[in-house]
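Trainee: Before we start, here is the structure in question, set down as structure tokens.
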Amino acid sequence: MLRSIFFRSRPPLLREGGDYAFPNIQSRFQRLRAIWTILRAVSGDTIDDHMRRIPILLILIIAPIAALTDTYPRQPGVDAIHYIFRLSLLTTDANEIQGEATVNLRVVTDGLREMFLDLTSAADGKGMTVVGVTSNGQEVAFTHQSNRLKLPMPAGVKSGQDVSFTIRYHGIPAEGLRLIPNIHGDRTAFSENWPNRARQWLPMVDHPYDKATGEFIITTLPVYQVVANGLLIEQRDLPGGLRLTHWKQSVPISSWLYALGVARFAMHNVAMVKNVQLQSWVFPQDREKGYEAFEFHGRRSLEFFSERIGPYAYEKLANVEAAGLNGATEHASSIFYGERGVTQGRGAVVHETAHQWFGNAVTESDWDDVWLSEGFATYFNLLYTEQFDGRDAFVDGLKRSRTQILQLEQRMPNTPVIHRNLDDMRNVLNQFVYQKGGWTLHMLRGLIGTETFWNGIRDYYQRYQNQNVSTDDFRRVMEQKSGKELGWFFEQWLKRSGEPKLTGSWNYNSTAKKVEVELTQSQAGDPYRLLLGIGIFQTTGALPRVETVDFNGRRGTFSFDADTPPADVVLDPGTWVLMEPAQFSKK
Ligand SMILES: [Zn+2]
């Protein structure tokens, strides 16, 4: 996801239903219930037995774990496996869609009574109306209220059992799927599910934690082409002058990554890159500019990330020009880019391609950890710059990023990178998540070394590809790879707000032949632990000798042997530490 800088405000938050009255309590309760269930399974005791005997200490351990989640009401009793969305759209002048969704679910908890899918209710002429639901060919009773479609599970279901529902519905999407003319006046339909708008037109578990495979089977007029996730399975003409297009995504993905585009397109098979078909889909009027916007960096970034991180996870990669979008969205295997950028020959191709690895294949299971997606895409974009444009361009990028972070501190103080129980999805993105998340990866690389960093990244990707992760999962991989305890590092940079500020001075002690450095951490709050490079320039213009100090107190004095007085001494000459500009000079 990359927003145009001109697009500051987000669309209004979805109207959530009554279940949101006590969201924290609900999700905490579910977590606690899940933990009790585990305890019971381990010991054979009942929940009540444990409630009587549970030591206070254990409750104290559980409590903070339960607190660190966004407020979406997860359903641990059921797992979405596969969705098939059969949709008819743009067949008339109306913006109504006709839908039939088949949802395959796996039961996780014996005796589960019901589950719900997110689906926006009809209101003010928009939203979705459910006509009927069947399971095993039988109509089943359902309720659709407050944007939740509640479905009854068959009596006595067992863990591991698969249950399938087919939902017939129709309506005009208020959001999530835009049925609008593009900049050339042609009718189109483009999805934008980010972050929780799949429910506006698709019945789904609309949260990143539950990945599933899926299919779009689209009926529309033959003048349009259809692009979606995965592989094109079939295209055929139907009676009545219509055409059916069938796409199938065989790799599980989160709900915001489902993508559908219907328009008049020019499609270009760019190349096979590492055995992956790279495609461009642009409006025919923008053919030249569109291909120019996508193809050079699209090809090179797909190659670079495949080589450096691990094999691409999906069945193709399409870069798609989309109507009504500002910036771009990284949908798995079908990235959408706003048409205005594309017609000017630009698109955030590298950032969105990096997301295919981080965000899409390895996905945060909680919106609190959205930096695992955006911070990674931001830093991997910079790593691409380092690879192809050199170290200076890379450092320039880091410095611009640092300026953005420090400016945002003025407007949004007390905001850590990891959200604290995010409950308002309008706040899921901010520049800390992107820029400070990216800087945290850069500082991690500085701490453990470039080679260990890349080894850890490869291992993290391999281990968690097509799964969900937390920040702790990432930390554990990097700890194993580096042999270093990194809890303090992740806590300091991701859970604490603000940045360190250093003041200090240096002088040359000609008697002792030493460079002496005095430093103070002058920011509010506790001192940071900083692995800080101190650059000693013997002569102006030469490369500095860099001494790294572990500075973790309010004040520190450090001295380094030097036979002759240095020309200058600077802090962090390699640009490895995120901090406010230091006030540091010769005493
Ligand atoms: Zn992004």
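Trainee: Looking at segment 364-374, can you tell me whether even one residue there is within 11 Å of the ligand (Cβ to nearest atom), buried (at least 24 other Cβ atoms within 10 Å of the Cβ) and farther than 24 Å from Gln249 by Cα?
Mentor: yes
Trainee: Can you name the number of the only condition in (1) within 15 Å of the ligand (Cβ to nearest atom); (2) of a type in the set (Phe, Trp, Tyr); (3) surrounded by fewer than 24 Cβ atoms within 10 Å (Cβ to Cβ) that Phe394 fails?
Mentor: It is condition (1) that Phe394 fails.
Trainee: May I pose another question? Out of the residues in segment 121-145 that are farther than 18 Å from Arg197 by Cα and not in a strand (DSSP E or B), which is nearest to the chain's Cα centre (by Cα)?
Mentor: Applying the filter and picking the extreme gives Phe142.
Trainee: Here is a follow-up. How many of the residues making up segment 248-277 are of a type in the set (A, V, I, L, M, F, W, C), in contact with a Gly (Cβ under 8 Å, 6 or more places away or on another chain) and surrounded by fewer than 24 Cβ atoms within 10 Å (Cβ to Cβ)?
Mentor: The number of residues fulfilling the criteria is 3.
Trainee: Looking at segment 492-506, is at least one residue free of Cβ contacts under 8 Å to residues at least 40 places away in the same chain and not in a helix (DSSP H, G or I)?
Mentor: no
Trainee: Another question, if that's okay. Is it fair to say Val433 is assigned to a helix (DSSP H, G or I) and either more than 16 Å from the ligand (Cβ to nearest atom) or in contact (Cβ under 8 Å) with a residue 12 or more places away in the chain (or both)?
Mentor: So Val433 passes the test.
Trainee: Mind listing just one residue for me: the one in segment 141-196 that is basic (Lys, Arg) and within 20 Å of Val226 (Cβ to Cβ) and, of those, surrounded by the fewest Cβ atoms within 10 Å (Cβ to Cβ)? Please lay out each step first, then the result.
Mentor: Let us first name the residues in segment 141-196 that are basic (Lys, Arg), namely 148, 150, 158, 168, 178, 187.
The next check asks that each one be within 20 Å of Val226 (Cβ to Cβ); those that pass are 178, 187.
Values: Arg178: 16, Arg187: 19.
Only one residue fits best here, namely Arg178.
The numbers here are math on the coordinates, done by the rules we state, and not lab data. Just so it is clear, the structure is predicted and the values come from calculations on it, not from any experiment. When we count neighbours, we look across all protein chains shown, and the Cβ atoms used for this are built from the backbone with ideal geometry, even at glycine.
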